[in-house]
Amino acid sequence: KAVPTEIQAVLTYISENYSSKISVDQLSEISNLSTYHFCRTFKKYIGTSPHQYVLNYRLIQAKNQLVGTNLSIEQISMDCGFNSIGHFIKVFSQSTGGITPGKFRKQCF
């Protein structure tokens with residue numbers, strides 16, 4: 001099913017601003033929908049909540065940077081919009097079944 005333009009606009013915004021703080025309120029404003037309606041519509045078309053989508057997007061970017069750059073894990077966590085390295089490591093490990101960013105990087109080389 002085709003993604004409505006208001007959701008497309010939000011996906012573009014996330015891809016361009018994932019390193020900054022992004023709130024669901026901001027995203028619903030971009031879509032010109034109420035927060036409630038935005039969250040329902042987003043989940044219907046994207047298959048996940050806006051919050052989870054942003055988190056997953058950031059994790060994908062972090063994995064690319066871990067493999068493709070020599071940036072420190074701390075730098076990557078900041079570049080990818082995580083507010084603390086502890087939070088980044090926790091979320092990253094949860095998403096990889098317990099592999100930390102450092103281990104992930106070693107496994108890929």
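Which residue pairs have Cβ atoms under 8 Å apart, sit 6 or more places apart or on different chains, and have a first residue in the stretch 52-64 that is within 9 Å of Ser95 (Cβ to Cβ) and a second that is among the polar types (S, T, N, Q) and assigned to a helix (DSSP H, G or I)?
Within 8 Å, the pairs are Asn56/Ser95; Leu59/Ser95.
Would you say Glu6 is free of Cβ contacts under 8 Å to residues at least 24 places away in the same chain and open to solvent by 50 Å² or more (accessible area, probe 1.4 Å)?
Working: free of Cβ contacts under 8 Å to residues at least 24 places away in the same chain: no; open to solvent by 50 Å² or more (accessible area, probe 1.4 Å): yes.
In short, no.
Does the stretch 22-38 include one or more residues that are open to solvent by 50 Å² or more (accessible area, probe 1.4 Å) and within 26 Å of Ser93 (Cβ to Cβ)? I'd like the intermediate steps shown before the answer.
First, the residues of the stretch 22-38 that are open to solvent by 50 Å² or more (accessible area, probe 1.4 Å): 25-26, 29-30, 32, 34-37.
Keeping just the survivors that are within 26 Å of Ser93 (Cβ to Cβ) gives none.
No, the stretch 22-38 contains no residue that is open to solvent by 50 Å² or more (accessible area, probe 1.4 Å) and within 26 Å of Ser93 (Cβ to Cβ).
Does the stretch 91-109 hold any residues that are of a type in the set (A, V, I, L, M, F, W, C) and assigned to a helix (DSSP H, G or I), and which are they?
If we filter the stretch 91-109 for residues that are of a type in the set (A, V, I, L, M, F, W, C), which is where we start, we get 91-92, 99, 104, 108-109.
Of everything in the stretch 91-109, those that are of a type in the set (A, V, I, L, M, F, W, C) and assigned to a helix (DSSP H, G or I) turn out to be Val91, Phe92, Phe104.
Within the set of pairs 6 or more residues apart or between chains, which connect a residue that is open to solvent by less than 70 Å² (accessible area, probe 1.4 Å) inside the stretch 75-97 to a residue that is among the charged types (D, E, K, R) and part of a helix (DSSP H, G or I) with Cβ atoms less than 8 Å apart?
As it stands, the answer is Cys80/Arg58; Gly81/Arg58; Phe82/Arg58; Ile85/Glu74, since those pairs meet every condition given.
The values are calculated or read from the model by the stated rules, or taken from the named source; none is laboratory data. These numbers were taken from a predicted model, which means no experiment stands behind them. Backbone-built Cβ (ideal geometry, glycine too); neighbour counts: all protein chains shown. The protein model used for the area step is the full one, side chains on, heavy atoms only, and it has no ligands, DNA or RNA in it. Shrake-Rupley method; radii C 1.70, N 1.55, O 1.52, S 1.80 Å.
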